[in-house]
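To keep things clear, I will list the structure first and then write my remarks on it.
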Amino acid sequence: MNTTQPWPICIAGDWRLGGGAQYTTCYPATGEVVGTLNAASAEDVEEAIQGAHKAFLESGWAQRKPQDRASVLYRIAHLIREQAEELAQLQRRDNGKPIAETRALVASAAGTFQFFASACETLEETITPPRGDYMSMSVYEAMGVVAAITPWNSPIASEAQKIAPALAGGNAVVVKPAEITPLLALELARICEAAGLPKGLISVLPGKGSVIGDLITRHPLVRRVSFTGGTSVGKHIAQIAADKLMPVSLELGGKSPTIVLEDADLDHAVAGVLYGIFSSSGESCIAGSRLFVARPLYEEFMNRLVKGAEKLRVGDPSDPATQMGPLISESHRASVERYVKIGLDEGGVLRTGGVRPTGPLYDKGSYFLPTIIEGLKNTDTICQEEIFGPVLVAMPFDDIDDLIAQANDSVYALAAGIWTRDYKKAWHLAKVLKAGNVWINTYKQFSISTPFGGWRDSGLGREKGRQGILQYMEQKAVYWGMNEAPLPWAS
């Protein structure tokens, strides 16, 4: 991998240096340069979108039979698997995730293309019940140019979840990856082209979201935006979309509650809570960052949880045994540290972590230890605001109704976890918790076949599932007149 020569970017199928300012991406574990590239310019954005529109109109992609589009998506999945280790190592260096996790994310991306290939060739349209002398149908057509704006925490998986259904639906896709992690999107575009995707149907435009993302979202030829990222940016996109009457999918922040009832299996619950907050170094919108434990169980559970957190292997992302790598950047680590200080200043008690690890391995990277804080109320700052780091706030509860009220007392409603042996209690909680995703006796398990998304400040719309293709298609009603006589109005 050459870190000195600038990476070309993909502008409607043409690979060349971007017209914007040059910048570097760095390995969070050491600060080493991973890639040098030029951001896209405003002119590049315009050319990419115009080129995408032209390719949509002239390539015939949207008019291909579903099985023909599917065959290209199957080849993309195959090529991702062929290049899996190279892609996993690149993502490890691009955002510092442990290699075991990036390997899983690459496998997930391949599975996403495979799933939507299958969904594409089996997508059914509907003959609706007749209510007159006609036959009525509901059919779906491609939108045109759609945009995918993706985050830095899980690049290739997030990009696959947007690109695959958009292409399956017959669209052209303009991708705006996170400024600091653009390399996987560029590689994915190369793979799409190698698999036979017509030229111009995919572009990748790195750069600042406030510039590139804004230009893409406002462009009149962009018919839909799918965004994953922060809530404030998501709201800004929604405002632009409202002016355009453009549909959007917004997967935003979270402050997810995890609930441990008195009858929970402690081995499963401890492992699940640790995984829910500390995997991905807590840099996950669905991280189980608020923990509610039944008071009779609280001390025993917390003692086991703290011991488990202190055993987690924080270290070199290239080591398959590593469970937590560095945070994405020094500035983000400083933000996490600021939140920990706020929590302690508001009366929180530090049970473990709260500091940077020490030693030669950690000197250059933006590492932070798994952190557990107790002694706070659910209304305190770090119980309400998303930290996006390895910080868990633990609180005991006495009453189930009060627990539900506290768990739902958040502007976010993305995910929740429940740990109990009682299926009736589990079902009751799953129904009353305000969250788009609920896990029972597990956490952070995903299926591409199951729709995913949030409520409230956690977003709008859904990704994944067989219906995920329809997010990128327009629905049309078609009526076939079956009447023998002319319409009576004209007689």
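No value in this document is a laboratory result; all are computed from the given coordinates. Please read these numbers as outputs of a predicted model, since none were measured by experiment. Here the Cβ positions follow ideal geometry from the backbone for every residue, glycine too, while neighbour counts run over all protein chains shown.
What the table below lists for this structure:
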read-out	value
Amide proton proximity set for Gly354, modelled H, under 5 Å, gap of 5+	Leu369, Thr371, Ile372
Dipole magnitude of the chain, debye to nearest 20 (Cβ charges: Lys/Arg +1, Asp/Glu -1, about Cα centre)	380
Normalised contact order of the chain, rounded percent, pairs of Cα under 8 Å and 6 or more residues apart	18
Long-range HN-HN contacts of Gly417 with modeled amide H, under 5 Å	Thr258, Ile259, Trp439
Cα gyration tensor, the range 1-98 - rounded (a/c under 1.5), prolate or oblate	oblate
The range 59-126: GluC sites (Glu not before Pro) in DSSP loop, at most 10 other beta carbons within 10 Å	Glu124
Cα gyration tensor, the chain - rounded (a/c under 1.5), prolate or oblate	oblate
Sparsely packed trypsin sites (Lys or Arg not before Pro) within the range 275-329, loop by DSSP, other Cβ within 10 Å at most 15	Arg313
Table column - 3J(HN,Hα) (Hz), the range 193-209, Karplus curve with 6.51, -1.76, 1.60, x for Gly and Pro	5, 5, 7, x, 5, x, 4, x, 7, 9, 10, 10, 10, x, x, 5, x
Under 18 Å from the Cα of Lys431 - aspartates and glutamates, other chains or at least 8 residues apart	Asp399, Asp401, Asp402, Asp409, Asp422
Integer Hz, Karplus 6.51/-1.76/1.60 couplings in order for the range 174-182, x for Gly and Pro	10, 9, 10, x, 4, 4, 8, 9, x
Residue (of Ile80, Leu197, Leu291) at the positive-pole extreme of the chain, dipole from beta-carbon charges	Leu197
Dipole of the chain, positive end: most advanced residue of Asn38, Ala241, Ala160 [Cβ charges, Cα centre]	Ala160
Degrees, to the nearest 10: 42-58 long Cα axis against longest axis of the chain	50
Whole-Hz couplings from phi, Karplus 6.51/-1.76/1.60, listed for the range 322-339; x for Gly and Pro	5, 9, 10, x, x, 6, 5, 7, 4, 5, 6, 4, 4, 5, 4, 4, 5, 5
Partners for Lys341 among lysines (Cα-Cα distance below 22 Å; same-chain residues under 8 apart left out)	Lys255, Lys377
Angle between the chain longest axis and helix 99-121 axis [Cα atoms, degrees, rounded to 10]	30
Acute angle (nearest 10 degrees) that the helix 231-244 long axis makes with the longest principal axis of the chain, alpha-carbon atoms	20
Rounded Å value of the spacing that divides the Cα centres of the range 411-430 and the range 278-294	15
Long-range HN-HN contacts of Trp7 with modeled amide H, under 5 Å	Thr36, Leu37, Asn38
Candidate lysines - alpha carbon under 23 Å from Lys65, same-chain residues fewer than 8 apart omitted	Lys54, Lys162, Lys199, Lys464, Lys476
